[in-house]
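Just so it is clear, none of the values below were taken in a lab; they were calculated from the coordinates. Every value quoted in this text rests on a predicted model; they were computed, and no experiment measured them. Virtual Cβ from ideal backbone geometry, glycine too; neighbours counted across all protein chains shown.
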Amino acid sequence: MRLILALSLILSSAALAAQPAHAQSACDRECLRGKVTEVLHALIHDDIGKLAVAGNLRVTEDGVERPLDQVGLVRTVTKLRGYRQDVIDERAGVAVTGAMVEESGSPVLLAVRVKVDGEAKISELELVATRGRADGLLYNVDGFGNAASLAMNLAPRPEQLATRYEAVRIAMHYPRGLSNAETFNAVGTPFAPEAYRLENGMLMAGPACTFIPGCDDIGNQSLAIFRQLGRVTVRDVVVDERMGIVMMRLSWNVRGGEGSDKLTAWEAFKVYDGQIHMVEAYIRIFPPELELGGWPIAEGVVQP
């Protein structure tokens, strides 16, 4: 009996030792949220030296790769303005955050993507700043932090949540509708009756929308303009399984035709009860060569 017990202890110890290192040092929700907080505070206090970064850290600012100590936002961001939307993908070790910051008193919409390695050190940092309509076509500071925007943070009950695979499948109807230049309903997008869309703080679709005729019906909005603007490219898919959020990094032409500037967006979809309840996009226009923001299309992403 003692021999069997000893052998069992040895085998158990060996099994634990054989587990990959990242399984024992995973960065959970609060860890990932904390990494974004550390980045934001480092920008404000010009103190990036305290960030725990991996030796292979890669950083882009507005689509351009830079050494961490040469990030321009470190010298310009002076304050946080309160709005912050986190999308946390624990399985992937990724967090994407939309935050409102200030540069010399002026509001700036800042999208931050952080990826950590198995030692909970930052291995990828992506920063995209939108300072006004010239950067993002639309820009409504007052739309950030109101009830419509904060609804993304309402936590569905566990039984309302889809599996990761199913949530992505539902959200992918959206870029598929754009790429096919049909209405969302034509491709079977399962919008909830109250579904709406915010773009850089502007209400652009849903029951209360008055921006253009027909925008009050998100499912039947005409997408014919996308025959000119071309198909949508999906670069990344980030899934917050606890909050029922699927976030995609999308890009497509702004004016149509070869060589057009690219409208890029981190676009979040609130998915529960088998439906999309709201969409929120952080938009920035880039020149064609920066369409992907300096990063490759993620492994496993299937284009619509």
Subject >> Cα-based Rg of region 142-290 normalised by 2.2 N^0.38 Å, two decimals >> reply: 1.00
Original post:
What does the charge count near residue 293 come to, summing +1 for each Lys or Arg and -1 for each Asp or Glu among other residues with Cβ under 15 Å from its Cβ?
Top reply: -3
Original post:
Between residue 166 and residue 150, what length comes free when the chain is fully extended (0.36 nm per residue of separation minus the Cα-Cα distance, one decimal in nm)?
Top reply: 3.4 nm
Original post:
Does region 24-131 come out rounded, prolate or oblate by the C-alpha gyration tensor, with a ≥ b ≥ c the root eigenvalues, rounded set by a/c under 1.5 and, if not, prolate when a/b is larger than b/c and oblate if not?
Top reply: prolate
**OP:** Filter the GluC sites (Glu not before Pro) in region 275-304 to those in DSSP coil with at most 14 other Cβ atoms within 10 Å of their Cβ, and list the result.
**Re:** 299
Original post:
With r defined as the distance between the Cβ atoms of residue 134 and residue 303 and R0 fixed at 41 Å, what FRET efficiency is calculated, to the nearest 0.05?
Top reply: 0.90
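Could you tell me the number of lysine pairs in the chain with C-alpha atoms less than 23 Å from each other, where the two lysines are 8 or more residues apart or belong to different chains?
Eligible lysine pairs with Cα atoms under 23 Å apart amount to 8.
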Original post:
For P(r) over Cα pairs in 20 Å bins from 0, in percent, the choices are (i) 32, 55, 11, 2; (ii) 28, 42, 21, 8, 1; (iii) 31, 53, 16, 0; which was calculated from the structure?
Top reply: (i)
**OP:** May I ask you to derive the FRET efficiency for residue 157 and residue 255 from their Cβ-Cβ distance with R0 = 41 Å, giving the value to the nearest 0.05?
**Re:** 0.40
Original post:
Contour minus end-to-end for residue 220 and residue 119, with contour as 0.36 nm per residue of separation and end-to-end as the Cα-Cα distance?
Top reply: 31.7 nm
Original post:
Going 7 Å from the Cα of residue 186 in the Cα-to-Cβ direction, what parts of region 224-246 have a backbone nitrogen less than 15 Å from that spot?
Top reply: 224-232
Original post:
In the neighborhood of residue 207, defined by Cβ-to-Cβ distances under 11 Å, what is the net charge if each Lys or Arg adds +1 and each Asp or Glu adds -1?
Top reply: -3
